[in-house]
Amino acid sequence: MKKLQLFDLDLIDKVVSPEHFEQTTLTSPAKNIFTDFKTHKALVIEDSTPAVEALNLMFQAHVRMQIVLSKTNDFMGIISTEELSERYIVAEVAKGTDRKDVLVSDLMVPRDMLHAFDFAELEVATVNDVVAALENYGLRHCLVLDREHHHIRGVISSSDIARKLHLHIDIYGKSSFSHIFKVING
């Protein structure tokens with residue numbers, strides 16, 4: 001067995017992160033800006049979660065989108081802080097639902113309304129390809145589908161792109177691919 005030595009940390013004041021080792025640019029592979037569920041656990045929420053609780057959980061976790069699953073873990077759709085905003089909750093209350101009874105399932109974007117990138121195409125695309133493709137949609141998030149294995153493989157987030165390109169984007173602001181496109185292209 002090899003004896004390992006321990007060192008003092010009194011002169012150390014920085015912690016590294018992946019951004020220190022890889023510089024992402026518009027010509028970088030698109031996989032650099034993709035959260036791969038093969039290596040990162042997907043952020044999920046159950047469709048029966050009360051909307052107000054879901055919003056609080058998302059703010060506490062500093063995330064703006066979660067994948068919605070049923071009680072049996074079937075993919076149902078996505079929910080973002082936008083759909084959980086007060087105006088959408090009030091709209092449900094106006095329909096006669098008690099505020100506490102407004103659920104994620106009432107406000108989510110159902111899977112039949114979603115589109116996704118194909119993972120195989122993403123493997124050969126650049127960051128610029130992704131930003132340009134999504135600029136027209138004004139989306140903040142886009143799922144990535146592994147069609148070969150018939151599952152959701154990951155997600156692309158405008159805030160992740162902005163962070164990796166070293167652009168300042170307020171996490172609770174209206175950052176979108178359209179906004180990133182405008183910042184990049186002046």
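Taking the listed residues Ala61, Ala51, the one that is touching a residue at least 12 places away in the same chain (Cβ under 8 Å), out of contact with any Ser or Thr (no Cβ under 6 Å at 6 or more places or on another chain), under 20 Å from Thr35 (Cβ atoms) and among the small types (Gly, Ala, Ser) is Ala61, with no other qualifying. Given (1) crowded, with 16+ Cβ neighbours inside 10 Å; (2) in contact with a strand residue (DSSP E or B) (Cβ under 7 Å, 6 or more places away or on another chain), identify the lone condition not met by Asn32. Among (1) crowded, with 16+ Cβ neighbours inside 10 Å; (2) in contact with a strand residue (DSSP E or B) (Cβ under 7 Å, 6 or more places away or on another chain), the lone unmet condition for Asn32 is (2). Within the stretch 66-108, being touching a His at 6+ places or on another chain (Cβ under 9 Å) and buried (at least 20 other Cβ atoms within 10 Å of the Cβ) holds for one residue alone: Ile78. Quick check on my filter: what residues within the stretch 135-186 are more than 14 Å from the chain's Cα centre (by Cα), closer than 20 Å to Thr24 by Cβ and at pLDDT 70 or above? Across the stretch 135-186, the qualifying residues are Glu135, Leu165, His166, Leu167. Take the conditions over 23 Å from Val144 (Cβ atoms), part of a loop (DSSP other than H, G, I, E, B) and either over 15 Å from the mean Cα position of the chain (by Cα) or at pLDDT below 95 (or both) and apply them to Leu26. Does it pass? Judged against the criteria, Leu26 is not a match.
Take the residues of the stretch 118-151 that are of a type in the set (D, E, K, R) and surrounded by 13 or more Cβ atoms within 10 Å (Cβ to Cβ): which is nearest to Glu82 (Cα to Cα)? I'd like the intermediate steps shown before the answer.
Residues of the stretch 118-151 of a type in the set (D, E, K, R): 118, 121, 123, 129, 135, 140, 146-148.
With surrounded by 13 or more Cβ atoms within 10 Å (Cβ to Cβ) added as a condition, the list becomes 118, 121, 129, 135, 140, 146.
Values: Asp118: 25, Glu121: 28, Asp129: 25, Glu135: 18, Arg140: 10, Asp146: 26 Å.
Applying the filter and picking the extreme gives Arg140.
The values are calculated or read from the model by the stated rules, or taken from the named source; none is laboratory data. Nothing here was measured: the structure is a model prediction, and the numbers come from that model. Cβ sites come from the backbone with ideal geometry, for glycine too, and all protein chains shown count toward neighbours.
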